[in-house]
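The values are calculated or read from the model by the stated rules, or taken from the named source; none is laboratory data. Computed from a prediction, not measured in an experiment: that's the story for all the values here. Reconstructed Cβ throughout: ideal geometry from the backbone, glycine too, with neighbour counts over all protein chains shown.
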Amino acid sequence: MKKLLVLTQTVASIGVFSVLGLAAAVVPQESATVEPTGLPTKIMVRAISRDAKVIGTNVGAARITITDVDTGEVLAEGLTLGGAGSTAKLIVEPRKRGESIYDTQGAAGFLATLNLDRPKMVEITAVGPLGDEQGNQKASKTMSLVPGQDILGDGVLLEIHGFTLKLIRVDEVSGKVGVPYLVRVNLMMT
């Protein structure tokens, strides 16, 4: 990373300096780290349940990773924090082509800001829901990102099949084919 000497103007009292006609002194401060060059590019990523809602904090969130396909470098990583989205927009109301349905107040998502100096091919991956290890699934998408061209609103959508199944208890099994036995599970839409 490059180092940049940051200069600031220090003025003890604007009124006194302006009345006396004195110029403010330029005082060097400690060096500040400057990020690599490139245009800031924002990418919203959402993990969604198949034909259902957004995977958010209520089910443990999803882990999002954005990786440079050419180098394998992880460019950003985080969790989809927030709520499950609007039930009315996602499940009840008919959808219109091009309409934003996931970008609602408080809906979960992971917002990354990358400094891109050239177009990059990336793989965006979601693993979740993290609230139940047995229910973790992975979805990914490969796409090009262009410097300065934000992907916001609904963002990049990664679909994870929408059920978490947790085994609670299995009654004694006879081992004979065709003999029923009882299995208790907790089945939840993610």
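Rundown of residues vs (1) over 30 Å from T37 (Cα atoms); (2) part of a loop (DSSP other than H, G, I, E, B); (3) charged (D, E, K, R), yes/no style:
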{"position": "L90", "(1), (2), (3)": "yes, no, no"}
{"position": "S100", "(1), (2), (3)": "yes, yes, no"}
{"position": "F110", "(1), (2), (3)": "no, no, no"}
{"position": "I124", "(1), (2), (3)": "no, no, no"}
{"position": "D154", "(1), (2), (3)": "no, no, yes"}
{"position": "L157", "(1), (2), (3)": "no, no, no"}
{"position": "V185", "(1), (2), (3)": "yes, no, no"}
{"position": "M188", "(1), (2), (3)": "yes, no, no"}
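Among the listed residues T104, T125, T113, T87, which satisfies the condition of being among the hydroxyl-bearing types (S, T, Y) and in contact with a Gly (Cβ under 6 Å, 6 or more places away or on another chain)? Let's see the steps before the verdict.
Numbers: T125 fails: in contact with a Gly (Cβ under 6 Å, 6 or more places away or on another chain); T113 fails: in contact with a Gly (Cβ under 6 Å, 6 or more places away or on another chain); T87 fails: in contact with a Gly (Cβ under 6 Å, 6 or more places away or on another chain).
Matching residue, one of T104, T125, T113, T87: T104.
Within segment 100-107, does at least one residue satisfy the condition of being free of Cβ contacts under 8 Å to residues at least 24 places away in the same chain and in contact with a Ser or Thr (Cβ under 7 Å, 6 or more places away or on another chain)?
The answer is yes, given that some residue of segment 100-107 is free of Cβ contacts under 8 Å to residues at least 24 places away in the same chain and in contact with a Ser or Thr (Cβ under 7 Å, 6 or more places away or on another chain).
Mind checking whether some residue in segment 151-158 is of a type outside the set (V, I, T) and closer than 16 Å to N58 by Cα?
No, segment 151-158 has no match at all.
Would you say V122 is free of Cβ contacts under 8 Å to residues at least 12 places away in the same chain, farther than 19 Å from V54 by Cα and in contact with a strand residue (DSSP E or B) (Cβ under 7 Å, 6 or more places away or on another chain)?
no
Can you find a residue that is in contact (Cβ under 8 Å) with a residue 24 or more places away in the chain, crowded, with 19+ Cβ neighbours inside 10 Å and not basic (K, R) anywhere in segment 162-182? Explain how you work it out, then say what you get.
Going through segment 162-182, the residues in contact (Cβ under 8 Å) with a residue 24 or more places away in the chain turn out to be 162-167.
From what is left, the residues that are crowded, with 19+ Cβ neighbours inside 10 Å are 164.
Narrowing the set further to residues that are not basic (K, R) leaves 164.
Within segment 162-182, one or more residues are in contact (Cβ under 8 Å) with a residue 24 or more places away in the chain, crowded, with 19+ Cβ neighbours inside 10 Å and not basic (K, R).
Would you confirm, using the coordinates I've provided, whether E99 is more than 14 Å from L157 (Cβ to Cβ) and surrounded by fewer than 19 Cβ atoms within 10 Å (Cβ to Cβ)?
No, not satisfied.
Take the residues of segment 132-155 that are within 18 Å of G98 (Cβ to Cβ) and touching an Asp or Glu at 6+ places or on another chain (Cβ under 9 Å): which is surrounded by the fewest Cβ atoms within 10 Å (Cβ to Cβ)?
Checking each candidate, the answer is G153.
Any idea how many residues of segment 54-85 are part of a loop (DSSP other than H, G, I, E, B), without any contact (Cβ under 8 Å) to a residue 40 or more places away in the chain and within 18 Å of the chain's Cα centre (by Cα)?
Matching residues across segment 54-85 total 4.
Can you give me the number of residues within segment 102-130 that are under 21 Å from S86 (Cβ atoms) and either in contact with a helix residue (DSSP H, G or I) (Cβ under 9 Å, 6 or more places away or on another chain) or at pLDDT below 95 (or both)?
9
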